[in-house]
Amino acid sequence: MPIRSSDEQPGRLKLVLFVAAFLIPALGSLCCLYAEDTAPSSENAKPYYGDIKRGWWWYEKTPEKQTVHEKKTMDNQIRVPVLSDYPMETLWNMYPDDFQTLLMAFQKKAVRVPSEENVREYYVVQDIARRKSLAFANATAMVMQKYPDLAVAADYPITAPGRNAAVALETGEIEAKIRSARDDFALILFSAVGCPYCVEQKAILNHFIDKYGWEIREIDTEQEAGITAVFGIETTPTLLLVYRGSKDHIAVSAGVASLSEIEEKLYRGIRLLKKEITPEEYSLYEFQRGGAFDVNVPLRRNKK
């Protein structure tokens, strides 16, 4: 290769300087733009730029995040139980919530892959649940026998003679309460002309009058619309219990009701309006007070 003459070298140098004068500013601008676009946030700056000897020159990359599908797959793999990991004593003494979760995990494992081993493991755990339930039932029977005050057999017998005795007590208390309240309460029947249900209800109430001697006032909802509106009656027939000398009242029935239904609701309504019972004691008979169906017994025990 021939050596350039001294005359050619100054011209070449001038050309290089000329090009550099235009390229360097342009390259500087491009570098600034690239730096702005690729500048890491404050969170990511430390791993790559905290150490000037490390970073991109070491070909380090941000750890790839797991996809939702991959994460669920890993979680499912972690949750799959193996029976050999759970000694029988551990399963027997496990907290009920934890045991139920484990039982469902074995069930899902068996449903997903219904192999002989998977299904067998599920029923082994299920057998423990059955035996645990039996143990609780046996302990309950012993406790009810040893502590009869916790049982309901005395107030709700299941044998035929016991049920007959309980029904006799209930019936006697209902009838006595209705007869004793005849002078303090009144019954109002709201009916309408052409209402076939009202005819049937009147026939039933005639039996009630013959049995207890109550007087029942009948109000036609069309002719006495004002009174009907005051009590908010929307259905006929409607039977209303009114406490004499007060504004207190309570519906006994709406629609056709049998004699036994009227008696039972009337009995409870009388006791409620006379404040002999609270709403929490609505179904309580007086002969049951202090027994298994008295909701206030635990509070009275606590006061003692």
Open item on the list: At a 10 angstrom cut-off on C-beta neighbours, averaged per residue, how do the peptides 193-204, 237-248 rank from highest to lowest?
Closed with: 237-248, 193-204
Task: Stokes-Einstein D for segment 92-143, Kirkwood Rh over Cα pairs, 4 °C, 1.567 mPa s (µm²/s) - done: 109 µm²/s
Open item on the list: Can you compute the charge dipole magnitude of segment 199-304 about its Cα centre, using +1 on each Lys and Arg Cβ and -1 on each Asp and Glu Cβ, nothing else charged? Give it in debye, rounded to the nearest 20.
Closed with: 920 debye
Task: Radius of gyration and maximum dimension Dmax of segment 236-289, Cα, Å - done: 11.7, 36
Task: Computed lengthening from SER260 to GLU276, 0.36 nm per intervening residue step minus Cα-Cα distance - done: 3.6 nm
Open item on the list: At a 10 angstrom cut-off on C-beta neighbours, averaged per residue, how do the peptides 120-128, 135-143 rank from highest to lowest?
Closed with: 120-128, 135-143
Task: Total lysine pairs whose alpha carbons fall under 24 Å of each other in segment 203-304 (8 or more apart, or interchain) - done: 8
- [ ] Taking amide H positions as placed in the peptide plane 1.01 Å from N, state which residues far from VAL252 in sequence (5 or more) or on other chains have amide H under 5 Å from it.
- [x] LEU239, LEU240, LEU241
- [ ] Note down the Stokes-Einstein diffusion coefficient of segment 135-271 in µm²/s, whole number, using a Kirkwood radius over alpha carbon pairs, 20 °C, and 1.002 mPa s.
- [x] 123 µm²/s
TODO: Using packing as a proxy for protection, rank 249-258, 205-214 so that the peptide with the highest average count of other Cβ atoms within 10 Å comes first.
DONE: 249-258, 205-214
Task: Heavy-atom accessible area per residue - segment 156-247, 1.4 Å, Å² - done: 59 Å²
Task: Stokes-Einstein diffusion coefficient of segment 216-265, Kirkwood radius over Cα pairs, 10 °C, 1.306 mPa s, in µm²/s - done: 135 µm²/s
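The values are calculated or read from the model by the stated rules, or taken from the named source; none is laboratory data. For clarity, every value in this text was computed on a predicted model and none was experimentally measured. Reconstructed Cβ throughout: ideal geometry from the backbone, glycine too, with neighbour counts over all protein chains shown. We work out accessible area using only protein heavy atoms, side chains counted, and drop any ligands, DNA or RNA first. Shrake-Rupley method; radii C 1.70, N 1.55, O 1.52, S 1.80 Å.
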